[in-house]
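Colleague: So that we are looking at the same thing, I have put the structure below in structure tokens.
Where a number appears in this text, it was derived from the coordinates with a stated rule and is not lab data. Keep in mind that what you see is a predicted model, and the values were worked out from it rather than measured. No Cβ is skipped: glycine too gets one built from the backbone with ideal geometry, and neighbour counts run over all protein chains shown.
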There are 2 protein chains.
Amino acid sequence: MKQKILELLSASEIFISGEKLAELCGISRTAVWKHINSLKEEGYNIETQPRTGYKLISRPDALVKTEILDGLQTKVFGKEFLYTFFEIDSTNLKAKQLANEGKPEGTVVVAESQTKGKGRLGRKWVSPSGKGVWVSFILRPPILPVKATQLTFVIAVAMVHSLKNIGISDVQIKWPNDILIHRRKVAGILTELSAEIDCVNYVIVGIGINVNQDTFEFPEEFKDKATSLKEACGHKVSRIKVLQSVLKEVEHFYYLYLENGFGEIINLWRENSVTLGKEVEVISGTEKITGLAIDIDEEGCLLVKDREGKVNKIVAGDVSLRGKKGNYV
Amino acid sequence: MKQKILELLSASEIFISGEKLAELCGISRTAVWKHINSLKEEGYNIETQPRTGYKLISRPDALVKTEILDGLQTKVFGKEFLYTFFEIDSTNLKAKQLANEGKPEGTVVVAESQTKGKGRLGRKWVSPSGKGVWVSFILRPPILPVKATQLTFVIAVAMVHSLKNIGISDVQIKWPNDILIHRRKVAGILTELSAEIDCVNYVIVGIGINVNQDTFEFPEEFKDKATSLKEACGHKVSRIKVLQSVLKEVEHFYYLYLENGFGEIINLWRENSVTLGKEVEVISGTEKITGLAIDIDEEGCLLVKDREGKVNKIVAGDVSLRGKKGNYV
């Protein structure tokens with residue numbers, strides 16, 4: 001109901017009376033008044049005039065539930081189970097806990113900041129308050145565990161589309177799971193699987209997106225490798241719009257994948273890859289391979305052709321692209 | 001220290017004085033007395049004579065820590081982290097929780113009974129108190145998630161050896177994870193994986209072994225499919241000996257696998273398989289395939305050659321063996 005009141009206030013450029021809101025929502029004026037107060041507490045600036053009613057002046061720049069749901073174009077994702085936190089250890093950890101408790105596919109966990117945000121292989125992911133979108137979803141795909149790696153590629157494709165939707169160009173994917181703008185990392189994806197030998201219990205997808213950081217705010221070691229949407233656009237970006245766009249595209253491409261399989265996804269991935277066709281250096285465990293990244297296969301492995309013409313199948317590793325000076329960055 | 005006192009008592013056929021025990025253990029007589037009382041509480045029958053000392057009369061038929069550790073021939077498994085419960089929801093659930101908290105490889109969870117014991121695909125596993133061995137371990141193998149299915153085969157091979165060790169013959173493996181004696185199921189293995197796209201967080205292996213049930217104690221629907229070690233031997237079997245043998249062999253074959261790879265394991269699996277070379281019916285999702293089970297491949301998939309000579313690769317499913325009357329059981 002609070003959502004409905006917010007919608008009505010958003011749609012109106014003039015004051016709406018409490019009586020009118022009560023009538024349109026089919027609730028009492030006291031109930032309207034309570035919802036208005038609750039909105040104010042969430043950070044909505046609503047002007048109140050005793051005899052004329054209410055008018056929405058501004059919205060909070062915060063990942064609050066009401067704000068996320070207002071205009072969210074998904075069918076399932078975030079609609080029924082949406083958990084928002086001001087601060088949390090890690091959205092992936094929380095999502096895992098919720099999945100173990102039986103929460104369904106499409107459950108979404110969002111936080112303003114993470115104290116233990118992590119990237120791939122347990123690496124730290126810096127998640128300062130109010131600057132980014134740190135979100136995790138529960139998926140329960142009816143696929144075999146060996147196929148679960150494909151989901152990282154599904155999500156990467158969804159990420160490219162969600163950023164393009166909000167007007168960001170030059171978004172590319174670096175194998176396997178980095179999202180780049182102008183060759184700098186703007187977002188990362190962490191996919192975690194819980195499975196039995198022949199069925200998936202659940203998959204947690206965590207996404208971290210740098211939205212409104214300035215370069216000087218990144219830790220020293222990332223300054224020349226990281227970017228934010230604000231840097232890319234030259235102005236502040238609405239984190240709510242980013243999150244809504246991500247939820248919409250993740251849902252879209254995830255269902256597309258379940259329906260049509262990996263083929264379509266893999267083609268979209270190829271189109272948006274920064275890795276393919278490049279000279280690369282791959283560190284995989286203790287091995288180092290350099291060569292031409294020629295393609296990815298059905299399992300998402302990177303195929304790298306070395307100088308001897310041998311095609312190496314890379315299952316896991318860190319990839320650097322050969323720069324103009326011949327070094328790998 | 002309690003363990004040391006138990007060992008000394010076990011090794012002696014006459015009374016040992018508190019003074020002697022104190023001296024051998026390097027502790028006070030009061031400390032000896034406290035440990036003796038603790039052993040009595042666990043169900044050890046220890047005769048106490050004021051001036052002569054202590055004598056072990058009998059051991060409890062219970063999966064208590066002291067009893068499990070007494071004579072346990074492992075290097076790591078169960079040695080440092082061993083959790084025993086009188087009743088628990090499921091040893092796999094507990095092991096998962098401990099793994100999430102960071103407990104290391106070789107952590108073991110044992111329970112006298114499970115209220116929510118489960119088999120493959122969420123099926124119920126009946127785990128009555130005092131009748132079986134219900135145990136789970138934490139593994140942290142440095143392998144790729146796609147290889148994790150191989151572990152079920154490692155454990156199946158270990159199970160065959162651990163039962164043969166304690167004098168049970170005719171133990172066979174039914175693909176993928178059932179342990180049979182005379183074609184009836186005596187034990188099951190449930191492998192659960194937690195992984196990122198390119199590394200395993202942990203694997204939980206749960207094993208349920210029917211030890212001292214009589215046929216009439218099995219639920220009606222399992223009466224002609226299930227058996228116990230007692231049925232197979234014709235007498236009651238020590239659950240402690242079974243558990244110790246399982247821990248020893250699981251550790252042995254797990255390290256063998258990590259060191260030498262899957263090849264050796266797969267050969268041992270083949271030697272002990274009841275499935276290979278048989279006419280089988282496989283229900284896999286909505287599909288039904290009948291044919292000759294000719295082999296398993298490197299990923300543990302069952303290869304079934306149908307009437308048209310086509311070899312079907314079965315990743316997951318339920319297998320029935322063709323019986324004498326041409327039906328599948």
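Colleague: Using the Cα atoms of region A:2-58 to build a convex hull, what is its mean projected area in square nanometres?
Modeller: Working: hull surface 13.2 nm².
Computing the convex hull of the Cα atoms and averaging its projections yields 3.3 nm².
Colleague: Additional query: Distances from A:G130 to the same position in the other copies: list them in nm, one decimal, shortest first, using label points 7 Å from Cα along Cα→Cβ.
Modeller: A:G130 label point versus its equivalents elsewhere: 6.5 nm.
Colleague: Just going by the charge dipole of the protein assembly as shown, with Lys and Arg at +1 and Asp and Glu at -1 on Cβ, which of A:I314, B:V110, B:F222 is farthest out on the positive end?
Modeller: Projecting each Cα onto the dipole axis, the largest value belongs to B:V110.
Colleague: Report, in order of residue number, the helices in chain B meeting two criteria: a C-alpha extent of 24 Å or more along the helix axis, and a mean Kyte-Doolittle hydropathy of at least -0.5; treat each whole DSSP H run as one helix.
Modeller: Result, helices passing both filters: B:239-260.
Colleague: Nearest 500 deg cm²/dmol is fine: what mean residue ellipticity at 222 nm does the protein assembly as shown get from its DSSP H runs of n ≥ 4 alone, each adding -39,500 (n - 2.57), divided by its residue count?
Modeller: -9000 deg cm²/dmol
Colleague: Charges at C-beta only: +1 for Lys and Arg, -1 for Asp and Glu. How large is the resulting dipole of the protein assembly as shown about its Cα centre, in Debye rounded to 20?
Modeller: Working: 90 positive and 84 negative charges, 103 e Å.
Roughly 500 debye for the protein assembly as shown.
Colleague: Between beta-carbons, use under 14 Å as the cut-off and find the net charge around A:K94, counting Lys and Arg +1, Asp and Glu -1. Kindly include the intermediate steps, with their values, before the conclusion.
Modeller: Numbers: positive: A:K96, A:K103, A:K116, A:K118; negative: A:E87, A:D89, A:E101, A:E112, A:E192.
Net charge in that neighbourhood comes out at -1.
Colleague: Give me the distance between the Cα centres of region B:46-71 and region A:57-111, rounded to whole Å.
Modeller: Using only Cα atoms to place each centre, the spacing works out to 56 Å.
Colleague: I would also like to ask the following. Can you pull the mean other chain C-beta count within 10 Å for peptide A:307-319? Before the final figure, lay out the partial values.
Modeller: Values: counts 0, 0, 0, 0, 0, 0, 0, 1, 6, 7, 1, 0, 0.
Neighbouring Cβ atoms belonging to other protein chains average 1 per residue here.
Colleague: Still on this model: Which whole-number percentage describes the relative contact order of region A:65-271, with Cα contacts under 8 Å and a sequence gap of 6 or more?
Modeller: 22 percent
Colleague: Over region A:85-155, what is the relative contact order in whole percent, taking alpha-carbon pairs under 8 Å and six or more residues apart?
Modeller: Computed value for region A:85-155: 35 percent relative contact order.
Colleague: Just to verify a number: FRET efficiency for B:K34 and B:D170, C-beta to C-beta distance, R0 = 51 Å, to 0.05?
Modeller: 0.60
Colleague: Between A:I14 and A:N312, what length comes free when the chain is fully extended (0.36 nm per residue of separation minus the Cα-Cα distance, one decimal in nm)?
Modeller: Here the segment from A:I14 to A:N312 would lengthen by 100.8 nm.
Colleague: Moving on to the next point. How far is A:E41 from the same spot in each other copy, in nm, shortest first, if each label point sits 7 Å from Cα toward Cβ?
Modeller: Inter-copy label distances (nm, one decimal, shortest first): 4.8.
Colleague: Just for chain A, what percent of DSSP beta bridges are antiparallel, to the closest 5? Display every interim value, and only then the final one.
Modeller: Values: 55 of 63 bridges.
Looking only at bridges with both residues in chain A, the antiparallel portion is about 85 percent.
Colleague: Still on this structure: What is the distance in Å between the Cα centroid of region A:268-305 and that of region B:258-303?
Modeller: 33 Å
Colleague: Sum up the charges of everything whose Cβ sits under 10 Å from the Cβ of B:V160, counting Lys and Arg as +1 and Asp and Glu as -1, but leave B:V160 out. Please report the intermediate quantities before stating the final value.
Modeller: Values: positive: B:K164; negative: B:E249, B:E271.
Net charge in that neighbourhood comes out at -1.
Colleague: Label 7 Å along Cα→Cβ of A:E47; region A:8-39 residues with amide nitrogen under 13 Å?
Modeller: Taking a point 7 Å out along Cα→Cβ of A:E47, the residues of region A:8-39 whose backbone N falls under 13 Å are A:13-16.
Colleague: Give the percent of DSSP beta bridges with both residues in the protein assembly as shown that are antiparallel, rounded to the nearest 5.
Modeller: Around 90 percent of the beta bridges assigned by DSSP in the protein assembly as shown are antiparallel ones.
Colleague: For A:N272, enumerate residues with amide H under 5 Å from its amide H, sequence gap 5+ or separate chain, H modeled in the peptide plane.
Modeller: Amide H neighbours of A:N272: none.
Colleague: Computed over the Cα atoms of chain B, what is the convex hull's projected area averaged over all directions, in nm²? Let's see the in-between values first.
Modeller: Working: hull surface 76.5 nm².
Projected over every direction and averaged, the Cα hull of chain B covers 19.1 nm².
Colleague: Considering the Cα trace of region A:131-204, what is its radius of gyration and what is Dmax, both in angstroms?
Modeller: Cα only, region A:131-204: 13.8, 42 Å (Rg, Dmax).
Colleague: Next question. Quick one: dipole size for region B:2-58, taken about the Cα centre, charges +1 on Lys/Arg Cβ and -1 on Asp/Glu Cβ, in debye to the nearest 20.
Modeller: Here the size comes out at about 160 debye.
Colleague: If we hang a label 7 Å off Cα along the beta carbon direction at B:S10, how far is it from the matching labels on the other copies, in nm, shortest first?
Modeller: 7.0
Colleague: Still on this structure: Relative to the Cα centre, what is the charge dipole magnitude of chain A, using +1 at the beta carbon of each Lys and Arg, -1 at the beta carbon of each Asp and Glu, and rounding to the nearest 20 debye?
Modeller: Numbers: 45 positive and 42 negative charges, 124 e Å.
Taking the Cα centre of chain A as origin, the dipole is about 600 debye.
Colleague: Hey, another quick one. Could you give the spread of the C-alpha atoms of the protein assembly as shown along their three principal axes, from largest to smallest, in whole angstroms?
Modeller: Sorted from largest, the Cα extents of the protein assembly as shown read 95, 66, 57 Å.
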